[in-house]
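Report on one structure; see the data block that follows.
The values are calculated or read from the model by the stated rules, or taken from the named source; none is laboratory data. Note that the structure is a prediction, hence the values are computed from the model and not measured. Cβ atoms come from the backbone with ideal geometry, glycine included; neighbour counts cover every protein chain shown.
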Amino acid sequence: MVSNILKNILINKNATYDDVVSLLMSDDKSIFESANFLCQKYKSNFIHLRALIEFTNICKNDCLYCGLRCSNKNVQRYRMSESEILEMVKKSVNLGYRTIVLQGGEDSFFDTDKLCAIAKKIKKHDVALTYSVGEKTYEEYKALKESGVDRYLLRIETTDEELYKKMHPNMSYKNRFDCLESLKKLGFETGTGSLVGLPNQTVESLANDILFFKELNADMVGVGPFIPHPQTPLFNENSDNFDMALKVMAVTRLLLPDINIPATTAMETIRTNGRVLALNSGANVIMVNITSDEHKSNYEIYPNKIGSDISAEKATEEIKTLILNSNRKISKNKGFRFE
Ligand code: 5AD
């Protein structure tokens, strides 16, 4: 019974595989209420804002779900210059952001030397710095850490091996885990997460994803609904995965009560007020897109990504209003897991 499972989680901060499957199969609203309760208890009433800069949409990978996959020839590809990136960082700092997230495709132009040089310059500002640039070797991650990068995001996407292999041609399932282990070992605040609603993904495999976040002791977990992109092989797949994505997020909060969990852009894209619902169901972070207008619309991982048509200033204002209207406060801290 859901109420017994929830009671047990509140006491033991853990759950069995069967418990997690039962929660994911249930429509009981108390799952979201418990996640919200734990979020406010462990993370307080404050929401952390992160400035997201999408600095290159060039990617060598061919992930079946992603609009930026290398086989998609309809994308206008771009790569920001270092000075463009630093301009955007400055703008973010002026808008009050305390965390900068640099996200991009796996673009070999930005080798470790370049990424380290950029990190050192960004870290001259008083900000936390997150990189999200895919799979690298232990040595490369180490160099990034030594250049001042504080956090790293690398979603596992799915722990279902067969599904992983289908979705990620020419990529190694094992290497994905090894990368996350390296990041943890090097002392990065490590973020991971999953896509929810991939073709043939099962509730059982989503339960395994959540147990994996717990086992890794992830510091951040981003969960988003899969949204079919018209220029990918998955264009025809069913797309309303909002409810399940929200549930996976909420159950993640139950098992990892003190981590940072974003209300993801993908949630807002497929549901009006999706982010407010997420903030009321265990999320405590919002990533705001600061990428310049010139490039934003070309970073189309999935279609109709919200925020693609408004300026950084306006996006920031909107998010602040949304948070205050949800009776939450905006944190002025950098928002590390342990503060
Ligand atoms: N729908 C939703 N999320 C997607 N991502 C990539 N493609 C899609 C899609 N079609 C997510 C992946 C990746 C993150 C940056 O965007 O999980 O890790």
- Message: Return the residues of region 27-86 that are part of a loop (DSSP other than H, G, I, E, B), more than 16 Å from the ligand (Cβ to nearest atom) and more than 24 Å from residue 275 (Cα to Cα); say none if nothing qualifies.
- Response: 73, 76, 77, 78, 80, 81
- Query: So which pairs qualify, if the first residue must be in region 10-22 and at pLDDT below 95, the second must be surrounded by 12 or more Cβ atoms within 10 Å (Cβ to Cβ), the Cβ gap must be under 8 Å, and the two must be at least 6 apart or on different chains?
  - Reply: 10/34; 10/38; 13/255; 13/257; 14/214; 14/255
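Could you please find all residues in region 289-339 being of a type in the set (Val, Ile, Thr) and away from the ligand (no atom under 15 Å from the Cβ)? Steps first, answer last, please.
We begin by selecting, within region 289-339, every residue of a type in the set (Val, Ile, Thr); these are 290-291, 301, 306, 310, 316, 319, 321, 323, 330.
Within region 289-339, 290, 310, 316, 319, 321, 323, 330 qualify.
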- Message: One residue is enough: does region 38-49 have a residue meeting the conditions crowded, with 16+ Cβ neighbours inside 10 Å, of a type in the set (Gly, Ala, Ser) and modelled with pLDDT of 95 or more?
- Response: no
- Exactly one of 159, 130, 137 is more than 14 Å from the ligand (Cβ to nearest atom) and of a type in the set (S, T, N, Q), and that residue is 137
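Identify all residues within region 95-119 that are small (Gly, Ala, Ser) and within 19 Å of the chain's Cα centre (by Cα); write none if there are none. Give the steps one after another, and end with the answer.
Within region 95-119, the first condition is being small (Gly, Ala, Ser), and the residues that meet it are 96, 104-105, 108, 117, 119.
Answer for region 95-119, where residues must be small (Gly, Ala, Ser) and within 19 Å of the chain's Cα centre (by Cα): 104, 105.
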- Taking the condition without any contact (Cβ under 8 Å) to a residue 12 or more places away in the chain and either surrounded by 20 or more Cβ atoms within 10 Å (Cβ to Cβ) or over 22 Å from the mean Cα position of the chain (by Cα) (or both), does residue 28 pass? no
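For every residue, the table says whether it meets (1) modelled with pLDDT under 95; (2) away from the ligand (no atom under 16 Å from the Cβ); (3) of a type in the set (A, V, I, L, M); (4) not in a loop (DSSP other than H, G, I, E, B).
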residue	(1), (2), (3), (4)
106	no, no, no, no
109	no, yes, no, no
116	no, yes, no, yes
120	no, yes, no, yes
124	no, yes, no, no
182	no, yes, no, yes
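Applying the selection to region 257-300, what residues are polar (S, T, N, Q), within 24 Å of residue 229 (Cα to Cα) and touching a helix residue (DSSP H, G or I) at 6+ places or on another chain (Cβ under 9 Å)?
Going through region 257-300, the residues polar (S, T, N, Q) turn out to be 260, 264-265, 269, 272-273, 280-281, 284, 289, 291-292, 297-298.
Those left that are additionally within 24 Å of residue 229 (Cα to Cα): 264-265, 269, 272-273, 289, 291-292, 297-298.
The answer is 264, 265, 273, 289, 291, 292.
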- Message: Can you go through 128, 143 and tell me which one is small (Gly, Ala, Ser) and farther than 24 Å from residue 292 by Cβ?
- Response: 143
- Message: Scan region 232-247 and tell me whether some residue there is of a type in the set (Val, Ile, Thr) and either under 23 Å from residue 29 (Cβ atoms) or touching a strand residue (DSSP E or B) at 6+ places or on another chain (Cβ under 9 Å) (or both).
- Response: no
- Query: When both residues are 6+ apart or on different chains and their Cβ atoms are under 7 Å apart, which pairs have a first residue that lies in region 68-80 and is within 12 Å of residue 107 (Cα to Cα), and a second that is within 16 Å of the ligand (Cβ to nearest atom) and aromatic (Phe, Trp, Tyr)?
  - Reply: 80/55
- Query: Give me the pairs: first residue in region 93-118 and of a type in the set (Gly, Ala, Ser), second residue within 16 Å of the ligand (Cβ to nearest atom), beta-carbon distance under 6 Å, and six or more apart or on different chains, which are they?
  - Reply: 104/55; 104/56; 104/133; 105/56; 105/57; 105/58; 105/59; 105/68
- Here is a list of conditions, (1) under 19 Å from the mean Cα position of the chain (by Cα); (2) surrounded by fewer than 22 Cβ atoms within 10 Å (Cβ to Cβ); (3) within 29 Å of residue 139 (Cα to Cα), and residue 218 meets all of them except one; can you say which number that is? (2)
- Residues in region 186-207 that are under 19 Å from the mean Cα position of the chain (by Cα), surrounded by fewer than 17 Cβ atoms within 10 Å (Cβ to Cβ) and either farther than 23 Å from residue 149 by Cα or within 12 Å of the ligand (Cβ to nearest atom) (or both): how many? 0
